[in-house]
């Protein structure tokens, strides 16, 4: 069995667990309910028992079901706390420019760069021992010793060949079969996204973005003078009907999505949604930018199929990086641009010549020596546990009427507060007690998520993180009009 | 005396040596002629004797005059070998798109990245012991030991504050007074240029570029869909009359120049040209992108005044980097964007979030510990000597009718061959004997320099470099129709 076969085989598990997740998210299977027995489900779905067991274990890792001894699997997630879909009425009906788009991320990052006593729940990056700092430092020293001067000179603009080969092998597990020459190494996922946008768009062009949306891509669209139209999120991933309506109504030049472990929602598209999106793309000849920055931080153990796995025509531009999984400041990412590969190469060279060789060699060695697999395998269950704890604090400490998407990977949760709570105001007041959070407005090109926030923590859950989260909840309760008991600063 | 005063004081020397350089370049002072005595020139120009002595020593360092014991200074440069100006008739009269622009640089860089036996005279980068590899490797190890995990997380997108402060102090010597907050740290000079262009231009906009021109900026303009109009090079730097005519005739949105140690010519603008260009910029409200990548590789010892020194209105966007002076693959540069600073910050974040922290910290330490000054002071005379040797080989081995600009800094010489010699063909044939060179076409948006090449060498001159240069000359002679004696491969 080749790795590709293995990856394709795994989509059966992924497909089943996605279906079950969706049933849980939408309350079709509700809190405390027993899931069908393994044998029964295997019979009905014509799947092997192994596949069903895998899918159930996966849901257990996602912390939405629990196994009870000799009794079976039970739903653990209360769907009454789930945001169902982005209300369409919230979204701007026609494409518009991003002149007024407001992005706080540079400020949040600048805060993260400074040393201080702010608890950073607003930035999604690995913390503490989840950062493989010792191994990376050792490897860097070793590489400096053995390669010396060759690390200082100019190199191939599209990236170190050995690293591109490693990446080509990594993405096989997401069902992507390409050669090293189809990859451009970039300065993180952000540069991959910028290059993808510059490949596809001219100022004034319309890009359909999933809403809520990763702020970095909105910022790139803003500085490039692009216009946006928002497509709602639904439990299955993306509202494809709304996307198709937008395509029919407007001249949409490209679409931006994050199908696996989205930022900020943590959602994963169902396989049907992935297939459907690729079908739409082919039908309307619409390039789709797939942001895969978080896919390897899936809380489950089975690899996720990429949108690009279903892309026959080279219309998907796959963007990813090691920033979320290894080290943000390494700034190593990559772009698989499909039929736009040649343009992407030229853009990479034109924008910044190339990525520093040192980091490329270190990451290549890190993957080669098994460090990447180990590091990610170590981080996933920790992040999953942290997310459960974080959401427990939200459940306990936030005002009534607060709800969220249950994240299935990554470091963030997307929280909707009662309408009276302004996310900005919450941020400012939280900062006063030493906690930094990301206000919801920045996740929409038109700032529609006024009463939302994104909370995240990229390490082991700590008392300080809990105290901080509860402090934010307490302020939110007070802003919502609930009586606010005294809560200590974190 | 503050550093700024010192920098301003030094412009007198710079001004005088620029005037003399120009007289030598144009043959007003010709080969073998004696320069005026120091006292006489001091009296006539109302300058101190020290200033004149400094200027003469500078010209000696530039290898265009020589001191003869108890006799004075004599011109050493044969201006009959000098390209005077870019013939205006060669240049396209109206702005045009860069659809057909042909840039070989990615290929040249890819060649440079591969290990092999090609002698790389086509890429301008430091070689051998001019790369401070040991010191950088030591510093990197030290920084890894002392800062560890803090190097892996996200940081301030505009760059490490400590590094920005160092840079603010470095540029004082070019007569630029700014604060650290006016600086954006970029992924090399190339990203600074891209950001500057994206700040100023929309697709279809016209940029006036000096011709011959650094290929990287042309590539960036090409991928951004900009149009170009060429402005000729003259011994004083830039043909300002031609620039003004272009501005009056077309809607020029920005201007790109390299006033100090230009790539590919190695020329330095006269102070009058710098002042005049800033005056034109103010008069027409025209932003000017100043590429200062090579300014610290001046063959003379006195710092060069930046164009930005004369910029009162914030119209000059100053781009520079440590790629040419320290290490290409470190990818650390900076942009001082004047009145466009805010936009530049946003673009930097939107394009690639930030520069890797490790390199920023290492470069900051390198400057702090005096390594930068030492490294550059060590490199300059070596590069100056190498250039003299390289040009000697060109003089000896190239066909009759070959001429060039005498470079005053950097690693490159711009060579014009007899009309019969095609630079492309020369490149291909040179590569067959193991020498890589840069064909002239890529230094014009419209490929007008068919019979030109750029030759460069960024280290100590070696027998191999000499043999390689002579081999190129021999092929050129054969292409020009001259009889070709047997020359060994390098």
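Some notes on this structure:
- Cα centroid separation - segment B:319-377 against segment A:184-229, whole Å: 25 Å
- Prolate/oblate/rounded label for segment B:346-459 (Cα gyration tensor, a/c 1.5): oblate
- Listed by Cβ neighbour count within 10 Å, with the fewest neighbours leading, A:238, B:286 appear as B:286, A:238.
- Position residue A:177, label points 7 Å along Cα→Cβ, spacing to each other copy in nm (shortest first, one decimal): 6.7
- For segment A:79-190: relative contact order, % (alpha-carbon pairs under 8 angstrom, 6 or more apart): 15 percent
- Counting, for every residue in A:214-227, the Cβ atoms of other protein chains within 10 Å of its Cβ and taking the mean gives 3.
- Taking packing as the residue-averaged number of other Cβ atoms within 10 angstrom, the listed peptides B:447-453, A:201-207, A:99-105, B:348-354 run from highest to lowest as B:348-354, B:447-453, A:201-207, A:99-105.
- Under the Debye formula (equal points on every Cα, no solvent term), log10 I(q)/I(0) of segment A:190-293 at q = 0.10, 0.12, 0.16, 0.19 Å⁻¹: -0.23, -0.34, -0.62, -0.89
- The protein assembly as shown: Cα Rg divided by the 2.2 N^0.38 Å rule of thumb: 1.01
- Segment A:43-97-segment A:419-463 distance, computed between alpha-carbon centres (Å): 25 Å
- Compactness of segment A:101-186, taken as the C-alpha radius of gyration over 2.2 N^0.38 Å, stands at 1.50.
- Scattering curve values for segment A:200-242, log₁₀ I(q)/I(0), Debye with Cα scatterers, q = 0.17 Å⁻¹: -0.48
- Ascending distances from the residue B:314 label point to its copies in the other chains, with the point 7 Å along the Cα-to-beta-carbon line: 4.6 nm.
- Shape of segment A:28-109, Cα gyration tensor, a/c cut at 1.5: prolate
- Over chain A: Rg over Rh, Cα atoms, Kirkwood Rh: 0.95
- Summarising the strand pairing of segment B:283-357, around 50 percent of its internal DSSP beta bridges are antiparallel.
- Global form of segment A:277-417, assessed from the alpha-carbon gyration tensor, a/c cut-off 1.5: oblate
- Against the rule of thumb 2.2 N^0.38 Å, how large the Cα Rg of segment B:41-81 comes out: 1.26
- Packing order of peptides A:45-51, A:62-68, highest average first: A:62-68, A:45-51 (average count of other Cβ atoms within 10 Å over each peptide's residues).
- Burial ordering of A:285, B:311, fewest other beta-carbon atoms within 10 Å first: A:285, B:311
- Distances between equivalent label points of residue A:283 across the copies, with each point positioned 7 Å along Cα→Cβ, amount to 6.1 nm, shortest listed first.
- Shielding score for B:321-332, defined as the mean number of other chain Cβ atoms within 10 Å: 4
- Shielding score for B:336-349, defined as the mean number of other chain Cβ atoms within 10 Å: 2
- Beta bridges per DSSP, both residues in chain B: antiparallel share near 55 percent.
Computed from the coordinates by the stated procedures, all read-outs in this text should not be read as laboratory data. In this text the structure is predicted, and so the values were computed from the model without any measurement. Cβ sites come from the backbone with ideal geometry, for glycine too, and all protein chains shown count toward neighbours.
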